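Inspection log for the structure reproduced underneath, given as structure tokens.
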Amino acid sequence: MSNPQQTLSIIKPDAVERNLTDEIKAIFVKNNLMIKEDKKIQISKEEAAEFYKVHQSKPFYDDLCAYLSSGPIVVMILEGENAVLHNRNLMGATDPKKADENTIRKLYGISIDKNSVHGSDSVENAKKEINFFFKS
Ligand code: UDP
Ligand code: MG
């Protein structure tokens, strides 16, 4: 591997609730992203607010934190070549309506807020987000 990376992926409540966890995990594995760690948890609204702190000035922040804490989620460390960008490409655009064919959000996303998955957007944020959920 010339550029091995780790990234954080979250299967959000809308997808866990529809029993899509195994299908989404299979997409990562099929596309050479190894699932190094995974756990199903439910977080508090306060923890969601901390996790999504970068968005605190956005109009959707409160709803976003309420949503991420509304039900079980699956958090995973994915590892592979260019894992951060590779995962973002597999996820597709934030708004499922604008996502490319065969991306996870196009296949499973319901709306811009219930868009089935989260993925770190940079190597630096991936480290912070992995540490947030998997403290070593
Ligand atoms: N989001 C939303 N409304 C918006 C934009 C974003 O509800 O207009 C939610 C959506 O769930 C998204 C999350 O906020 O996944 C974080 O937004 P970001 O812009 O970081 O998108 P992402 O990195 O998840 O594609
Ligand atoms: Mg983001």
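The values are calculated or read from the model by the stated rules, or taken from the named source; none is laboratory data. What you see is a predicted model, and the numbers here were worked out from it, not measured in a lab. FYI the Cβ positions are ideal-geometry reconstructions off the backbone, even for glycines, and counts take in every protein chain you see. Just the protein is used for accessible areas: all its heavy atoms, side chains included, with ligands, DNA and RNA removed. Shrake-Rupley method; radii C 1.70, N 1.55, O 1.52, S 1.80 Å.
Does LYS128 qualify as being under 22 Å from ASN3 (Cβ atoms), charged (D, E, K, R), more than 16 Å from ligand 2 (Cβ to nearest atom) and at pLDDT 95 or above? No.
Among the candidates THR7, THR21, the residue that is open to solvent by less than 80 Å² (accessible area, probe 1.4 Å), within 16 Å of ligand 2 (Cβ to nearest atom) and of a type in the set (S, T, N, Q) is uniquely THR7. Any residue at all in the range 69-79 that's under 19 Å from ILE130 (Cβ atoms), outside any strand (DSSP E or B) and within 14 Å of the chain's Cα centre (by Cα)? No, the conditions are met nowhere in the range 69-79. Only one of the listed residues (ASN115, ASN125) is within 11 Å of ligand 1 (Cβ to nearest atom), assigned to a helix (DSSP H, G or I) and not small (Gly, Ala, Ser). That residue is ASN125.
Check VAL16, VAL74 and return the single one that is buried (at least 19 other Cβ atoms within 10 Å of the Cβ) and in contact with a Pro (Cβ under 6 Å, 6 or more places away or on another chain). Spell out how you get there, then give the answer.
Values: VAL74 fails: in contact with a Pro (Cβ under 6 Å, 6 or more places away or on another chain).
Going through VAL16, VAL74 in turn, just one is buried (at least 19 other Cβ atoms within 10 Å of the Cβ) and in contact with a Pro (Cβ under 6 Å, 6 or more places away or on another chain): VAL16.
Among the residues of this structure, ASN115 counts as one that is touching a residue at least 60 places away in the same chain (Cβ under 8 Å) and either on the phi > 0 side of the Ramachandran plot or polar (S, T, N, Q) (or both).
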